[in-house]
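Heads up: the structure comes next, in structure tokens.
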Amino acid sequence: MSIFHLAYNVTDLAEARAFYGDLLGCTEGRSTETWVDFNFFGHQISLHLGTPFSTAATGHVGDHLVPMPHLGVILSKAEWDALAERLKAAGVEFVLAPFTRFAGEPGEQSTMFFRDPSGNPIEIKGFADMSGVFAT
């Protein structure tokens, strides 16, 4: 299995540590005064101080427009449910509140969109059946 790596900018490392580490539950890795690595659900993200990338609500998800580009991860449905509840309890403002798409169809998935404190958009998907991730 390959591990994905993505590096992007955040405006405040302390806020990023609280959000990714404390709220999302990602384990912190190496860091310096200008960047920090996290284990983002089995993948490596490197958050560097700087200006976050520009986004626009141009991605069509059903009847909704979501920010593009965005990053994300696919979790088991149980992990997704637990994270959705943790984010709701923390008062996270959702771009697209947790809901399920394609119910009863191939590729049934739950999804939610939110932003980190620097405005970077994140999508988290949940699948009850991981074999449906690439279903058509």
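No value in this document is a laboratory result; all are computed from the given coordinates. What you see is a predicted model; the values in this text were computed from it and never measured. Ideal geometry is used to build each Cβ from the backbone, glycine not excepted, and the neighbour counts take in all protein chains shown.
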Item checked: In sequence order, calculated HN-Hα J values of the range 105-111 (Karplus, 6.51, -1.76, 1.60; Hz; x Gly/Pro) -> 10, x, x, 3, 8, 9, 8
Check: Over the C-alpha atoms of the chain, what are the Rg and the largest Cα-to-Cα span, Dmax, in Å?
Finding: 15.0, 48
Next item on the list: Could you list which residues have their amide H under 5 Å from that of Leu75, counting only those 5 or more apart in sequence or on another chain, with H placed in the peptide plane?
Entry: Lys125, Gly126, Phe127
Next item on the list: Work out the length of the dipole vector of the chain about its Cα centre, built from +1 on the beta-carbon of each Lys and Arg and -1 on the beta-carbon of each Asp and Glu, and round it to the nearest 20 debye.
Entry: 100
Notebook entry, point to check: Can you give me the Cα centroid spacing of the range 41-97 and the range 102-136 in angstrom?
Noted result: 9
Note to self: Give me the net charge for the shell around His60: Cβ to Cβ below 14 angstrom, other residues only, Lys and Arg +1, Asp and Glu -1.
What the structure shows: -1
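Let me check against my output: what whole-number percent is the relative contact order of the range 1-75, with C-alpha pairs under 8 Å and at least 6 apart? All intermediate terms of the calculation are to be shown ahead of the outcome.
On the way: 112 pairs, mean separation 22.0, N = 75.
This gives 29 percent for the range 1-75.
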Note to self: Under 5 Å between amide hydrogens, which residues at least 5 positions from Asn9 or on another chain qualify, with H placed 1.01 Å from N in the peptide plane?
What the structure shows: His48, Phe53
Notebook entry, point to check: With a ≥ b ≥ c the root eigenvalues of the C-alpha gyration tensor of the range 56-132, is it rounded (a/c under 1.5), prolate (a/b larger than b/c) or oblate?
Noted result: oblate
Notebook entry, point to check: Nearest 10 degrees, 0 to 90: what angle lies between the long axis of helix 77-89 and the longest principal axis of the chain (Cα atoms)?
Noted result: 60
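To the nearest 20 debye, what charge dipole does the range 61-123 have about its Cα centre, counting +1 at the Cβ of each Lys and Arg and -1 at the Cβ of each Asp and Glu? Don't jump to the answer; show the numbers that get you there.
On the way: 5 positive and 9 negative charges, 23 e Å.
Here the size comes out at about 120 debye.
Before anything else, pin down the relative contact order of the chain: Cα pairs under 8 Å, at least 6 apart, normalised by residue count, whole percent.
Working: 249 pairs, mean separation 29.5, N = 136.
Reported relative contact order: 22 percent.
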Notebook entry, point to check: Given the chain, what percent of its DSSP beta bridges are antiparallel, to the nearest 5?
Noted result: 70
